[in-house]
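The values are calculated or read from the model by the stated rules, or taken from the named source; none is laboratory data. The model shown is predicted, which means the values in this text are computed figures rather than measured ones. Virtual Cβ from ideal backbone geometry, glycine too; neighbours counted across all protein chains shown. Ligands, DNA and RNA are excluded from the accessible area calculation, which covers all protein heavy atoms including side chains. Shrake-Rupley method; radii C 1.70, N 1.55, O 1.52, S 1.80 Å.
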Amino acid sequence: MKKSLAILMAVAMAGTMTACGSGGGSKDTTAAPAATAAPEAAKDSEAADTTAAEAASEDIGKSLVMYSSMTENDLDNLIEKFNEIYPDCEVEVVNGSAGELTARIEAEKANPQGDMMWGGLSNSDGDIYSEIFEHWLSDYESEVIPDYKSNNGFYNLDHLSTCVFCINTDLEKELGIEIKSYKDLLDPKLKGKIVFSDPNSSSAAWNNVCNIMSVFGNDSDEAWEYMENLISNDLVMSTSSSVCFKSVETGEYVVGITYEDGASTLLKSGATNIRMVYPEEGTSASAFGCAVIKGAPHEAAAKAMVNFLMSAEGQNELGTALGTLRMTNSKATFESPYLPKTADVKWVTRDVNWLIENKEQVLNHWNELITKYQG
């Protein structure tokens, strides 16, 4: 089977996440789904083979340009599975942060160069990117778990990103501490040893700010006091969300405030000096997904990829291959050896609509604190 992946560095662009518009009436996200769906949700192999055969008979063209903030491991596996169905479609990937990629799409909208975006598009965005993405949903939207159905009409929400800490266990032991909670991150022993990305441009960082709000109360004094104390503990700010787990494994930092997929990918690769911690105060997840770029040069290929990502068949194959993502199709059935069961994690309610409506003022307050302590 033909498999092609060209990883290109996205051109750095001065675009940051702007104020969220109001989204549709999404339900509050309260928990991630179980790693394995109910047995009755599984498709039999004959039906799956028929679906793949029908898809392979479609003429989707020979090229697809995907903008993505997902990990290389995610992309390698997705493209391999997609090319098993569409062996003649060459997939080219442009990597970057959510802010860089959406700014690039905006800059190119008179002459689109990309076909779709995967990752970095969250249900907490509302409709701020309504003008750059095609208002189209996959053929499988009716199968999506209700809490994670599209709330803007153009994001296809295929997977969840759960907030976690990535901990270097060797450095943690050297410091003589055990990190289990948000409170533990304020320990003076961790001064300058915690890394985080910029929530103005990183969807992973914004996801974690949302969780802090959900744990301590939206716009509450307690939430802002906590964030101020965290920042004043010499919180290290990175421009890349992947630094928040990769640099922990290499020993540059003790803690990365990050997301489940990134940290668990290290475990999958055999890392023995890191662990994932779900804050004992509670965690929550953003639903992330993909969208077709308005005016995409290879629209048929883009829609085929989105349909693959949203189908139970595609999510079973990708979820099994990765073992690091929680998926959203209610008919998907797979088990992950790297993620804990939903029942073993403490979840908190996330008010998605409030976060959409108040994103600008939350980021403004965050930026004021960063300026106060870091200049």
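A few notes on this one:
- Overall form of the stretch 245-375: oblate. Here a/c, set by the Cα gyration tensor axes a ≥ b ≥ c, is 1.5 or more, and a/b is not larger than b/c.
- Rounded if a/c under 1.5, otherwise prolate or oblate - the stretch 90-152, Cα gyration tensor axes: prolate
- Accessible surface of the stretch 237-290, 1.4 Å probe, proportion on carbon and sulfur as whole %: 49 percent
- When nucleic acids and ligands are ignored and a 1.4 Å probe is applied, Trp354 ends up with an accessible area of around 50 Å².
- Net charge of Cβ neighbours under 12 Å - reference Ala296; Lys, Arg +1; Asp, Glu -1: -1
- Cα-projected label distance for Asp219 with Asp76, points at 7 Å along beta-carbon direction, nm: 4.5 nm
- Scattering curve values for the stretch 290-359, log₁₀ I(q)/I(0), Debye with Cα scatterers, q = 0.18, 0.25, 0.26 Å⁻¹: -0.90, -1.02, -1.04
- Length released on extending from Lys109 to Lys183, taking residue separation times 0.36 nm less the Cα-Cα span: 22.2 nm
- Note that the stretch 98-203, at 10 °C in a medium of 1.306 mPa s, gets a Stokes-Einstein diffusion coefficient of 93 µm²/s from its Kirkwood radius over C-alpha pairs.
- Largest accessible area first, the residues Tyr259, Tyr140, Tyr148, Tyr373 order themselves as Tyr373, Tyr140, Tyr259, Tyr148 under a 1.4 Å probe with ligands, DNA and RNA left out.
- P(r) tail, the stretch 159-282: Cα-Cα pairs separated by more than 18 Å, 47% of all pairs.
- Most to least accessible of Arg104, Arg275 (protein chains only, probe 1.4 Å): Arg275, Arg104
- Element breakdown for the stretch 93-194 at a 1.4 angstrom probe: carbon and sulfur atoms account for 47% of the accessible area.
- Length-normalised contact order of the stretch 136-245 in % [C-alpha pairs under 8 Å, at least 6 apart]: 26 percent
- Pairs of Cα atoms nearer than 8 Å and 6+ residues apart set the relative contact order; for the stretch 259-375 it is 28 percent.
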